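Structure first, commentary second.
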Amino acid sequence: MPAKPQIAIVGPGRLGSALSIALTKVGYRVNEVIARETLSSQNRAREIAKSAQSFTTTLKTANLDSDVIWFCVPDREIAVAARALIRSSKWKGKVAFHSSGALASGELNALRRRGAAVASVHPMMTFVRGSIPSLKGVAFALEGDARALRVAARITRDLGGEAFRISKTNKIAYHAWGGFSSPLLVAMLVTAEQVARAAGLSTTQARKIMLPIVTQTLANYSALGPAGAFSGPIVRGDVSIVRQHLRTLQKIPRAKEVYMALARAALQYLPARNRKELTKLLGR
């Protein structure tokens, strides 16, 4: 395996696009971008291929002359795509990755049986339409065959990321952790917008006003840890204010549920005064 192996990207979605751009920037050659035969998939693949100075193929026409084949398709499609490419190449000596956070490298067993070394290589990062994040400083969770893991660790270092090993039995917990770190964080923020509406603000105003305090809270969390970043009526033990919050939130039942769940978590994991009274108020 060369120091910078040539790579084929399977799946021209948000992750495939971000990886192609990042890999190209650090000197890797993305040989081909493999897409479904639908017009939308082909159009996305052409955009990625243009930025990577590569070309597009389909699952039926893939060349697969790359050293590393990187599957960037939805979880439910990984094994299907792997089986579709079995006959397109001699797999002995190749390395195949997929980037599911929840699923283990066994999704690529069809290729493993053909002689490929396989691994799951998941960046702990969010990929959404309209944003291409940097992968510098991003942690990549690695699980799979020893040879594939060595290649994955080298690529991760070249991307400026940090590789760590994870057991396949821990991947679901790892993925749920990621859920708390981004999508459920967004769910909490959009719930906060609904509370802001009850205070007479529009959701647009709420986002603008919340951003500085959210940003500072994350900065405090990074610099001071969770206990140091925690503020508000629970840490002060202000039972009366928490009771008034709950009374007001009765008008927004879902927000009240979220508030109570997070407040209970705060009582378990964070500093608080009047803990006994707050526990009685919030329940268990």
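The values are calculated or read from the model by the stated rules, or taken from the named source; none is laboratory data. Worth saying up front: this structure is predicted, and the values here are computed from it rather than measured. Here the Cβ is made from the backbone with ideal geometry for all residues, glycine too, and neighbour counts use every protein chain on show.
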_Looking for something within 18 Å of Thr191 (Cβ to Cβ), surrounded by fewer than 16 Cβ atoms within 10 Å (Cβ to Cβ) and either modelled with pLDDT of 95 or more or in contact with a Gly (Cβ under 8 Å, 6 or more places away or on another chain) (or both) - is there at least one such residue anywhere in region 267-284?_
no
*Please enumerate the residues belonging to region 218-247 that are surrounded by 15 or more Cβ atoms within 10 Å (Cβ to Cβ), β-branched (Val, Ile, Thr) and within 12 Å of Leu267 (Cα to Cα).*
Ile234
_Just to be sure I understand, how many residues within region 259-271 are of a type outside the set (Ser, Thr, Tyr) and either under 14 Å from Arg243 (Cα atoms) or not in a helix (DSSP H, G or I) (or both)?_
5
*Name, by its number, the condition in (1) surrounded by fewer than 16 Cβ atoms within 10 Å (Cβ to Cβ); (2) more than 19 Å from Arg154 (Cβ to Cβ) that does not hold for Ala3.*
(2)
*Within region 180-195, is even one residue without any contact (Cβ under 8 Å) to a residue 40 or more places away in the chain, touching a Ser or Thr at 6+ places or on another chain (Cβ under 7 Å) and either part of a helix (DSSP H, G or I) or outside the structural domain of Gly13 (by TED's automatic domain parsing) (or both)?*
yes
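How about region 204-215: which of its residues are over 18 Å from Tyr259 (Cβ atoms), more than 22 Å from the chain's Cα centre (by Cα) and not basic (Lys, Arg)? Talk me through it step by step, then tell me what you get.
Taking region 204-215 first, the residues over 18 Å from Tyr259 (Cβ atoms) are 204-205, 207-209, 211-212, 215.
Filter again for more than 22 Å from the chain's Cα centre (by Cα), leaving 204-205, 207-209, 212.
Within region 204-215, Thr204, Gln205, Ile209, Pro212 meet the criteria.
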*region 242-255, subset hydrophobic (A, V, I, L, M, F, W, C) and assigned to a helix (DSSP H, G or I), residue nearest to Thr191 (Cα to Cα)*: Ala255
_Matching option when the condition is crowded, with 20+ Cβ neighbours inside 10 Å and either at positive phi or assigned by TED's automatic domain parsing to the domain that holds Leu15 (or both), among Ala141, Ala153_ = Ala141
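Going through region 132-178 one residue at a time, which ones are among the polar types (S, T, N, Q) and under 22 Å from Arg112 (Cβ atoms)? Walk me through how you get there before you give the answer.
Step one: list which residues in region 132-178 are among the polar types (S, T, N, Q), which gives 134, 156, 167, 169-170.
Passing the criteria: Thr156, Ser167, Thr169, Asn170.
Results for (1) in contact with a helix residue (DSSP H, G or I) (Cβ under 7 Å, 6 or more places away or on another chain); (2) among the hydroxyl-bearing types (Ser, Thr, Tyr); (3) in a loop (DSSP other than H, G, I, E, B), shown as yes or no for each residue.
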{"position": "Ala206", "(1), (2), (3)": "yes, no, no"}
{"position": "Pro212", "(1), (2), (3)": "no, no, no"}
{"position": "Thr215", "(1), (2), (3)": "no, yes, no"}
{"position": "Leu218", "(1), (2), (3)": "no, no, no"}
{"position": "Ile234", "(1), (2), (3)": "yes, no, no"}
{"position": "Ser240", "(1), (2), (3)": "no, yes, no"}
{"position": "Glu257", "(1), (2), (3)": "no, no, no"}
{"position": "Arg273", "(1), (2), (3)": "yes, no, yes"}
{"position": "Leu278", "(1), (2), (3)": "yes, no, no"}
*in the same structural domain as Thr156 (by TED's automatic domain parsing), surrounded by 19 or more Cβ atoms within 10 Å (Cβ to Cβ), of a type in the set (Gly, Ala, Ser) and not in a loop (DSSP other than H, G, I, E, B): does that describe Ala62?*
no
*Can you give me the number of residues within region 6-35 that are buried (at least 20 other Cβ atoms within 10 Å of the Cβ), part of a loop (DSSP other than H, G, I, E, B) and modelled with pLDDT under 95?*
2
